[in-house]
1. I'd like to check one number: the per residue accessible area of the chain, probe 1.4 Å, reported in Å² as a whole number.
2. Please list, in chain and number order, the residues 5+ apart from A111 or on another chain whose amide H is under 5 Å from its amide H, with Hs placed from the backbone.
3. Mean residue ellipticity at 222 nm from the helices of the chain, using -39,500 (n - 2.57) per DSSP H segment of n ≥ 4 over the full residue count, to the nearest 500 deg cm²/dmol?
4. Springs between alpha-carbon pairs under 10 angstrom, Gaussian network model over the chain: which of K66, K165, K46 fluctuates most?
5. Let a ≥ b ≥ c be the square roots of the eigenvalues of the Cα gyration tensor of segment 1-160; is it rounded (a/c under 1.5), or, if not, prolate (a/b larger than b/c) or oblate?
6. So if I place +1 on the C-beta of Lys and Arg and -1 on the C-beta of Asp and Glu, and nothing else carries charge, what would the dipole magnitude of segment 1-49 be about its Cα centre? I want it in debye, nearest 20.
7. Could you order D20, D53, D100, D94 so the one with the most accessible surface comes first? Probe is 1.4 Å.
8. Let me check against my output: what whole-number percent is the relative contact order of segment 89-147, with C-alpha pairs under 8 Å and at least 6 apart?
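The values are calculated or read from the model by the stated rules, or taken from the named source; none is laboratory data. The model shown is predicted, which means the values in this text are computed figures rather than measured ones. Neighbour counts are summed over all protein chains in view; Cβ atoms, including those assigned to glycine, are modelled from backbone coordinates with ideal geometry. What goes into the accessible areas is simple: the full protein's heavy atoms, side chains included, and nothing from ligands, DNA or RNA. Shrake-Rupley method; radii C 1.70, N 1.55, O 1.52, S 1.80 Å.
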Amino acid sequence: MAFSASGIKRLYGGWARGYDFKFGLRGYKAPEYLSARFHETYNCLKPGTRILDLGIGTGLLAQRFKEVNPQCHITGIDISAAMLEQCHKKNIADTLVCEDFQRQGLPFESASFDAVVSSGVFELLNEPDSVIKEIGRVLKDGGGFSFTSFSNSLLGYACNFHSEKLLKQSFESASMELNENPRFFAFRDICVNPIFYRLYSGVKNTHPFIIPDQA
C-alpha cells in the first residue's frame, strides 16, 4: 500500500485534536512498550541527551522520555502541522519541525543525536530504506535507536508491511546493529481487532569490536 504525503496530512489532520483520546480507548501501548524496553538497554538519563522523535505526532512517545529524563533535549519531526500543534500545547519537545522527511530527508547535521526513536510511523513509509539511511547519518556513533513497525493483525490492517529481513538489511547498511525485535500487542482498531507491532532496537556502531588475530 502506498501512502501519499497529502493523504497522510489529511488523515492525521482530522485525527489531531482527538488523537490521544481515541487511541487511548484502543489501548495504544506502543509508546509505553518502546520507552520501557529502550531504557533497559540504553542510558538516556544523562542531562542534555539529544533525542530525535521521528513522527512525533502529539508527543505520546516523547512524553515518556521526558518523564524519565526531564533534562533531555527532544527534537520532534512530523509531516502533520496539526499533530505538531497538539504536541506544542503539551510543552514536551524542545524543538518541533514540520517536514516530509521521507521525501526530503532529515534536516539535521550528521551525528547530531544520541538517540532516534519512532512509534507508529514505519507502517506509513513507502521506502523505509532511505529513512533508515538518514537515521544512521544523524545518529552518533554509539547512539541508540528504537522503532516500531507493523507486524500482523487477525483481520488485516490498512498499512505497509515491511519484512524483517529487508529492515535488518537496511539497518546493517546504515551501521546500525540490531539488538532485538520482539513482537508485541500495540493497540486495537475500531473493530476491536488486535494489532501487533515489532520493535527494532539497537546501537549505531561504525567501529565494531574486532577480536585480534592470536596467531
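1. It amounts to 50 Å² per residue over the chain.
2. Correct list: V138, L139.
3. Helix contribution divided over all residues of the chain: -10000 deg cm²/dmol.
4. Sorting by GNM fluctuation, first place goes to K165.
5. Note, shape of segment 1-160 comes out rounded.
6. For this selection, approximately 200 debye.
7. If we order D20, D53, D100, D94 from most to least accessible, we get D94, D20, D100, D53.
8. This gives 45 percent for segment 89-147.
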